[in-house]
Amino acid sequence: MFSRNKARRQADELQETVFETGEDVYQHLRQAAGETCGYVKQNPWVGIGVSTLLGFMAAAWLNSKKGE
């Protein structure tokens, strides 16, 4: 039989796991953002080129959706 205490314990374990996973993801994203920022500071023209390319791609995608 499934007891209320067992359900509470499993819910608490799940909440803790989700929290820890969220913290890990947050730390990895901060690290990636820091590395990206450093790379762009060292190579600003690459950052400008990538941003321009992404802008053109987004505009092309939006224009293709508009024509449907």
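Taken together, the values in this text are just the output of simple stated rules run on the coordinates, not laboratory data. From a predicted model like this one, the values you see are computed outputs, not experimental measurements. Positions of Cβ are generated from backbone atoms using ideal geometry, with glycine treated the same way; all protein chains shown enter the neighbour counts.
Residue check: Gly47 meets all listed conditions (1) out of contact with any helix residue (DSSP H, G or I) (no Cβ under 9 Å at 6 or more places or on another chain); (2) surrounded by 10 or more Cβ atoms within 10 Å (Cβ to Cβ) but one, namely (1). Taken over the range 1-30, residues that are among the acidic types (Asp, Glu) and over 18 Å from the mean Cα position of the chain (by Cα) amount to 3.
Suppose the filter is free of Cβ contacts under 8 Å to residues at least 60 places away in the same chain, surrounded by 10 or more Cβ atoms within 10 Å (Cβ to Cβ) and not hydrophobic (A, V, I, L, M, F, W, C); does Ser64 pass it? Criteria not met by Ser64.
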